[in-house]
Amino acid sequence: MSSPTLPPGLAIQKADERIMTLNVGPQHPGSGHMRIIVQIDGDYIVACDPDPGYVHRGEEKMAEYRNYVLNIPHLERPVIHDSCNILYPYVLGAEELLGLEVTERAKYIRVIASELNRCVYTMYWLAIYGIFLGHSTMFMWPAGDRELLIDLLEKMTGARVTHSYFIPGGIRNDLPANFEDVCLRQVNYFEKRIKEYADVFYENPILISRTEKTGILTRENAIRLGTTGSVLRASGVDYDVRKKEPYDVYDELDFETNVMKSGDSYARSRIPWLDMMESCRIIRDALQKMPKSGSVRVKLKPNPKGALGSVYKRIESGRGALGCYIVSDKKPEPYRVKLSVPSFRNLIALPHLLIGEKLGNMPSTYWSLNYWPVEADR
Amino acid sequence: MMSSESEKETIEKKPEDSKPFDDKTSEKPAPDKNPTATKPTVAKKLTPAKEEPELPAFEKGIADKIIENFGDKATISFVKPDRVGIKVGRDSVHDVAEFARDVLNYDHVDSVAGVDYPADKEIEVVYHLSSYTDPTLSRQILELATRAQREENPIPGNDATKLPSLRDIFYSVEFHEREVFEMLGVYFEGHPDNRRLLLPEDWADLPPLRKDFRNKGR
């Protein structure tokens, strides 16, 4: 180790010998089916290389073999907790290619389902964020309160998690009787519950001291790296597809977007929580404005053929803008389906956040990216 | 910081003008208006004009700007509400992307999709550009498509299936281009890191999103 020319006690250790490479994941509970290769110098991260792909299932390839309707159940698999939202751009694109017009009531029900799903996803994410930080109450509470909305979605769709609810031309089935009242009651209670999280979690000095001013993503970097969703809005860019390019009936609904300027882990973890309150507002507004009766689904021909051409649709999911690019060659199966998922787009920011950070801040910084490994891999 | 502030200033000016583009481009909608004004007489003679009677003006302005600068190097594939599709050759894709960033204010890439066309012996790579900083472009997607030569027996990275990387223009394409390389075998020249991303390190089969790679049992 020590150089022979130097007297004892003055030996200099080379930086290369100090730096250690750590593999975090893919089975580590703190990474979730992905590996982060970090190099540390003492306690500080000097290099970071995210390595996703452990749960790659070739969803895009599978979509080339199934027709527009049969694609629905498997395309929602990448993120089953947000299954309505991941199907949304695909369904919007398929409708344009198949030339379908959706009824007003179906549009409202889609918005309600999509907002409920956003909350379900965010609660799951929040539960894991809590356990990452060693805050077990924050694991129990969201996991329990999430059940309220899962019950609602089960009433709507018949399935707890994998709903397969959106189809080209509307939704699969109408709402059950008395749904509006139950939904309003549950959502009001849910909103009251999540407001209580402020005391136990978001205003908690321990959480604030651990996440504030760590993993800072500047506004310029957030734009340059093409991040999206809560990561982007935590860095002070007010961009939400629901506002900027409203799809279905979002332009008729009353809601705000949440923007924070600090760009640190705390802001990134707070934005999804604030978004849930806006979701409650959207659901209440949509329940009020929704046509009380009418058809919810256009009858589809068997094996409908898409028009020649391509379409790119995007929506705002629980994690950010989710795009779907479909190429059709007049066959019942799409020629190519490409999902541009927010987790994959936000992953590029991870090295920028972690380099220079302490290793102990890695889990909170990583999960504050609102990252879902299975979605990034597809 | 400097650049973003200057961007903000230009953005603030635009709503006052109530025109989507800055002064240079505001001249352009004028020539566009002329054909629409004279359309009833012209449309009878020209059949293609009939097909596009209601082209969205703003989107057409974007497409015209690119065509004006690059001439026959770029072609418009479609102009739809909020979507503009441009096809460019592999030699000029880098210049067109630079133009889209510096002049048209697109600042990031939403998605990069590779599409295999075995019949044409080509692989298309489609960049979807979008903008966070320019409020007039917040609904817009610019679809920039370019094609690479396709080899029957691919040796990813060591055959003619190559395209210039846009990583130096749009940093956000970094992971997307890595994905296209492993899934379709399109090597991006100038990309600093062309390693595998999603596929296993020992993947030795065809790039899986090529059409001649068949799923088992299908």
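The values are calculated or read from the model by the stated rules, or taken from the named source; none is laboratory data. Owing to the predicted nature of the structure, the values given are computational and were not obtained by experimental measurement. Glycine gets a Cβ as well: all are built from the backbone with ideal geometry, and neighbour counts include every protein chain shown.
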Restricting attention to helices (runs of 4 or more DSSP H) lying wholly within region A:334-378, give those where 1 or more residues are in contact with a Gly (Cβ under 9 Å, 6 or more places away or on another chain) and either more than 28 Å from A:TYR90 (Cβ to Cβ) or among the hydrophobic types (A, V, I, L, M, F, W, C) (or both).
A:350-354, A:362-368, A:373-377
Region B:132-150 residues that are away from every other protein chain (no Cβ under 11 Å) and acidic (Asp, Glu), paired with ones that are part of a strand (DSSP E or B) and surrounded by fewer than 19 Cβ atoms within 10 Å (Cβ to Cβ) (beta carbon under 6 Å, 6 or more apart)
none
Would a scan of region A:284-306 turn up a residue that is within 14 Å of chain B (Cβ to nearest Cβ) and either under 30 Å from B:VAL126 (Cβ atoms) or not hydroxyl-bearing (Ser, Thr, Tyr) (or both)?
no
Which members of region B:178-205 meet the condition of being within 12 Å of chain A (Cβ to nearest Cβ) and hydrophobic (A, V, I, L, M, F, W, C)?
B:VAL180, B:MET183, B:LEU184, B:LEU197, B:LEU198, B:LEU199, B:TRP203
All but one of (1) in contact (Cβ under 8 Å) with a residue 24 or more places away in the chain; (2) more than 8 Å from chain A (Cβ to nearest Cβ) hold for B:PRO208; state the number of the condition that does not hold.
(2)
Check whether at least one residue in region A:312-332 is more than 13 Å from every other protein chain (Cβ to nearest Cβ) and surrounded by fewer than 24 Cβ atoms within 10 Å (Cβ to Cβ), and report yes or no.
yes
Is there a residue in region B:167-183 that is of a type in the set (Ser, Thr, Tyr) and closer than 25 Å to A:PRO52 by Cβ?
yes
Looking only at region A:234-268, count how many residues are facing chain B (nearest Cβ under 9 Å) and hydroxyl-bearing (Ser, Thr, Tyr).
1
Among (1) away from chain B (no Cβ under 14 Å); (2) touching a Cys at 6+ places or on another chain (Cβ under 9 Å), A:TYR90 falls short only on (1)
Can you report the number of residues in region A:35-82 which are in a strand (DSSP E or B) and within 14 Å of chain B (Cβ to nearest Cβ)?
8
Check B:GLY185, B:GLY190 and return the single one that is surrounded by fewer than 24 Cβ atoms within 10 Å (Cβ to Cβ) and modelled with pLDDT of 85 or more.
B:GLY190
Could you tell me whether A:SER364 is in contact with a Phe, Trp or Tyr (Cβ under 7 Å, 6 or more places away or on another chain), more than 10 Å from every other protein chain (Cβ to nearest Cβ), surrounded by fewer than 24 Cβ atoms within 10 Å (Cβ to Cβ) and within 26 Å of A:TYR124 (Cα to Cα)?
yes
Do we have A:ILE206 as over 30 Å from A:GLU154 (Cα atoms) and over 24 Å from the mean Cα position of the chain (by Cα) here?
yes
Could you tell me whether any residue of region A:166-175 is in a loop (DSSP other than H, G, I, E, B), at positive phi and either over 20 Å from the mean Cα position of the chain (by Cα) or away from chain B (no Cβ under 13 Å) (or both)?
yes
Which residue, of B:VAL112, B:VAL93, is aliphatic (A, V, I, L, M), within 9 Å of chain A (Cβ to nearest Cβ) and touching a residue at least 12 places away in the same chain (Cβ under 8 Å)?
B:VAL112
In region A:212-233, the residues that are within 23 Å of A:PHE344 (Cα to Cα) and more than 14 Å from chain B (Cβ to nearest Cβ)
A:THR214, A:GLY215, A:ILE216, A:SER230
Report whether or not A:GLY226 is at pLDDT below 90, within 26 Å of A:LEU353 (Cβ to Cβ), under 18 Å from the mean Cα position of the chain (by Cα) and surrounded by 24 or more Cβ atoms within 10 Å (Cβ to Cβ).
yes
